[in-house]
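Visitor: Before I ask anything, here is the structure I am working with.
The values are calculated or read from the model by the stated rules, or taken from the named source; none is laboratory data. The shown structure was predicted, so the numbers you read here are calculated from the model rather than taken from an experiment. Virtual Cβ from ideal backbone geometry, glycine too; neighbours counted across all protein chains shown.
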Amino acid sequence: MSQAIHIPSRSQTAAAPPPHEHHHPEVAGIGRVPVGFFVAAVLFFSLGVSVLPFVVGDIAQYFYQPFPLAIVHTFTLGWITATIMGVMYRYVPALTRTPIRSLRLAWAQLGIFVVGASGMVTHFAIGIWFGLWLAAIVVFASILMFAWNILPCLKGQFGRGVAETGIFLSICFLIAAALLGMLLGMDKTYDFLGGSVLTNLSAHVHLAAVGWVTMAICAVSYRMLPAFVLPTIQLPASAKWQIYVMSAAVAGLVVSLLMQSSVAPVFAIAMALAIVWYVAIIARMIRTRRMPLDWTPLHAIAGVVSLAAAIALGIALSFAGGDSELGARLAPAYGAIGLLGFFSNFIIGMSYQLFPGIVGRTRTSAGWPPVTIAEISIPKPRLFVFAAFNIGVVVLAAGFLADAVDIARFGASLVAAGGIVYACITMWTLSFAFRPALPASIAESPLRVLPG
């Protein structure tokens, strides 16, 4: 067979590892650990979108009850957190040129995390608090294992690069969110925490949603989005200050909520302004792009629009209060726009480039037949996924706001349709990290163009 010709595509370039990544065997040898996290995440996502239409009525009735809490943690823990952990396991060692401490520990952490997250979702659903906080302890242990593996890679880079700084801070917030969540679960049994249930819950939510997930998305998107859109401008130096301001605002808000201080709205406004600052930076980069928009930046744009809507709903909720009639309608709409419209859009869009790129490099490092990103991707359903998912999110949120359960359920059904199709095509892509042989349609194609 003649030597394969290398013709780099934009997708291959965007997914390429930074220089020096392959110089250290353990940096290059992270292997299937990230893919394992992605597989777990997509399975949780499938569960969440499949169940969502059936729990809309409970969510609309009141958000703080068993099934709504179970579905929220299916997305926040199983889908979003597992995905971000997988991304960090792959890119933090490459970004910092430092290997993680232990690959075996990473695999053990994945198993413990899945067991703990599954236990939390299950015990939320059946309303058994003792089992819930036991599972929360397992999740907290897995998060400490994750931090022990990743933070040493970042400690020498804190304050130097915007991505490294943001990722470091996000992991610190993750530890705090997990600790507070575990204590909230234990408090249901032993009743030792003071303060209001809603303010304590709000502190946990902001640690997790803004301190962990939004911070991580900011940091990762500052690093990766320019590779996908090729803007004509450089990432501004102010991006690092946006990370610092948002961190300070989240920390101040959480402390003031736990202390039931009257200054909490000041920190909430500062946090919202920091997020708007991020939106402005990303919007400017996309506006000055040199590449046509594909599904990755389109999902990112949808995520940014959803983020702006979530900010508005969050501000309205802070004035209305979660225990008011209006607040009971705002809260599920806020959650739907944030968890699905913002977080999930970013993950879905980035996964179209990241997942096949990571799978391809995993195969190469294992000595298996190489593949291109295009060969292990199924692009045709992406229009349906984008339309069904985003229209569904808007309809779902509108149904909650209007207190129209049937409308919200229809929106949830659209989300489920788009989400299940996405999960199927993504699992097909991820499967190539675990099967050496290629389908005949790929292996025997006379027009194959392989990476050099």
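Visitor: When you go through (1) at pLDDT 95 or above; (2) under 17 Å from the mean Cα position of the chain (by Cα) one by one for Val245, which number turns out not to apply?
Guide: With (1) at pLDDT 95 or above; (2) under 17 Å from the mean Cα position of the chain (by Cα) applied to Val245, the lone miss is (2).
Visitor: Looking only at residues in region 111-128 that are touching a residue at least 12 places away in the same chain (Cβ under 8 Å) and more than 12 Å from Ala70 (Cα to Cα), which one is surrounded by the fewest Cβ atoms within 10 Å (Cβ to Cβ)? Break it down stepwise before answering.
Guide: From region 111-128, those touching a residue at least 12 places away in the same chain (Cβ under 8 Å) are 112-127; that's our starting set.
With the extra rule that they be more than 12 Å from Ala70 (Cα to Cα), the set shrinks to 112-116.
Values: Ile112: 17, Phe113: 24, Val114: 23, Val115: 14, Gly116: 22.
Filtering region 111-128 for residues that are touching a residue at least 12 places away in the same chain (Cβ under 8 Å) and more than 12 Å from Ala70 (Cα to Cα), the one surrounded by the fewest Cβ atoms within 10 Å (Cβ to Cβ) comes out as Val115.
Visitor: Collect the residues in region 253-269 that are out of contact with any Leu (no Cβ under 8 Å at 6 or more places or on another chain) and not hydroxyl-bearing (Ser, Thr, Tyr), keeping them in residue-number order. Break it down into steps so the answer makes sense when it comes.
Guide: From region 253-269, those out of contact with any Leu (no Cβ under 8 Å at 6 or more places or on another chain) are 253, 255-263, 265-266, 269; that's our starting set.
Answer for region 253-269, where residues must be out of contact with any Leu (no Cβ under 8 Å at 6 or more places or on another chain) and not hydroxyl-bearing (Ser, Thr, Tyr): Leu253, Val255, Leu257, Leu258, Met259, Gln260, Val263, Pro265, Val266, Ile269.
Visitor: For region 345-352, state whether one or more residues are in contact with a Lys or Arg (Cβ under 8 Å, 6 or more places away or on another chain) and either modelled with pLDDT under 85 or closer than 26 Å to Asn390 by Cα (or both). First the steps, then the outcome.
Guide: First, the residues of region 345-352 that are in contact with a Lys or Arg (Cβ under 8 Å, 6 or more places away or on another chain): 352.
Next, from what is left, pick out any that are either modelled with pLDDT under 85 or closer than 26 Å to Asn390 by Cα (or both): 352.
Yes: region 345-352 contains one or more residues that are in contact with a Lys or Arg (Cβ under 8 Å, 6 or more places away or on another chain) and either modelled with pLDDT under 85 or closer than 26 Å to Asn390 by Cα (or both).
Visitor: Which one is farthest from Gly321 (Cα to Cα), of the residues in region 280-299 that are modelled with pLDDT under 90 and among the aliphatic types (A, V, I, L, M)?
Guide: Met291
Visitor: Now for a separate question. When Val197 is evaluated against the numbered criteria (1) in contact with a helix residue (DSSP H, G or I) (Cβ under 7 Å, 6 or more places away or on another chain); (2) farther than 29 Å from Pro152 by Cβ, which criterion, by number, is the only one it fails?
Guide: If we test Val197 against (1) in contact with a helix residue (DSSP H, G or I) (Cβ under 7 Å, 6 or more places away or on another chain); (2) farther than 29 Å from Pro152 by Cβ, just (1) comes out false.
Visitor: Would you tally the residues in region 78-104 being touching a residue at least 40 places away in the same chain (Cβ under 8 Å), part of a helix (DSSP H, G or I) and either among the aromatic types (Phe, Trp, Tyr) or more than 19 Å from Gly349 (Cα to Cα) (or both)? Break it down stepwise before answering.
Guide: We begin by selecting, within region 78-104, every residue touching a residue at least 40 places away in the same chain (Cβ under 8 Å); these are 78-103.
Subsequent filtering for residues that are part of a helix (DSSP H, G or I) retains 78-96, 103.
Cutting the leftovers down to either among the aromatic types (Phe, Trp, Tyr) or more than 19 Å from Gly349 (Cα to Cα) (or both) gives us 79, 89, 91-96, 103.
Total meeting the criteria: 9.
Visitor: Which ones in region 259-276 are surrounded by fewer than 18 Cβ atoms within 10 Å (Cβ to Cβ) and in a helix (DSSP H, G or I)? Quick ask: steps written out before the conclusion?
Guide: Restricting attention to region 259-276, the residues satisfying the condition of being surrounded by fewer than 18 Cβ atoms within 10 Å (Cβ to Cβ) are 259-263, 265-266, 269-270, 273, 276.
Across region 259-276, the qualifying residues are Pro265, Val266, Ile269, Ala270, Leu273, Val276.
Visitor: Among the residues of region 361-380, are any hydroxyl-bearing (Ser, Thr, Tyr), under 23 Å from Ala216 (Cβ atoms) and either in contact with a Ser or Thr (Cβ under 6 Å, 6 or more places away or on another chain) or at pLDDT 95 or above (or both)? Spell out how you get there, then give the answer.
Guide: Step one: of region 361-380, the residues hydroxyl-bearing (Ser, Thr, Tyr) are 362, 364-365, 372, 377.
Checking the rest, the ones that are also under 23 Å from Ala216 (Cβ atoms) come to 362.
From what is left, the residues that are either in contact with a Ser or Thr (Cβ under 6 Å, 6 or more places away or on another chain) or at pLDDT 95 or above (or both) are none.
No, region 361-380 contains no residue that is hydroxyl-bearing (Ser, Thr, Tyr), under 23 Å from Ala216 (Cβ atoms) and either in contact with a Ser or Thr (Cβ under 6 Å, 6 or more places away or on another chain) or at pLDDT 95 or above (or both).
Visitor: From the list Leu179, Leu174, Leu184, pick out the single residue that is assigned to a helix (DSSP H, G or I), more than 15 Å from Met85 (Cα to Cα) and modelled with pLDDT of 95 or more. Spell out the reasoning first.
Guide: On the way: Leu174 fails: more than 15 Å from Met85 (Cα to Cα); Leu184 fails: modelled with pLDDT of 95 or more.
From the options Leu179, Leu174, Leu184, the qualifying one is Leu179.
Visitor: Kindly provide the set of residues from region 392-437 that are outside any helix (DSSP H, G or I), within 29 Å of Leu326 (Cβ to Cβ) and among the charged types (D, E, K, R), ordered by number.
Guide: To start, the set of residues in region 392-437 that are outside any helix (DSSP H, G or I) comprises 402-404, 434-437.
If we keep only those that are within 29 Å of Leu326 (Cβ to Cβ) too, we end up with 402-404.
Residue satisfying the conditions is Asp403 alone.
Visitor: Given (1) assigned to a helix (DSSP H, G or I); (2) farther than 22 Å from Leu253 by Cβ; (3) free of Cβ contacts under 8 Å to residues at least 60 places away in the same chain, identify the lone condition not met by Leu326.
Guide: Condition (2) is where Leu326 drops out.
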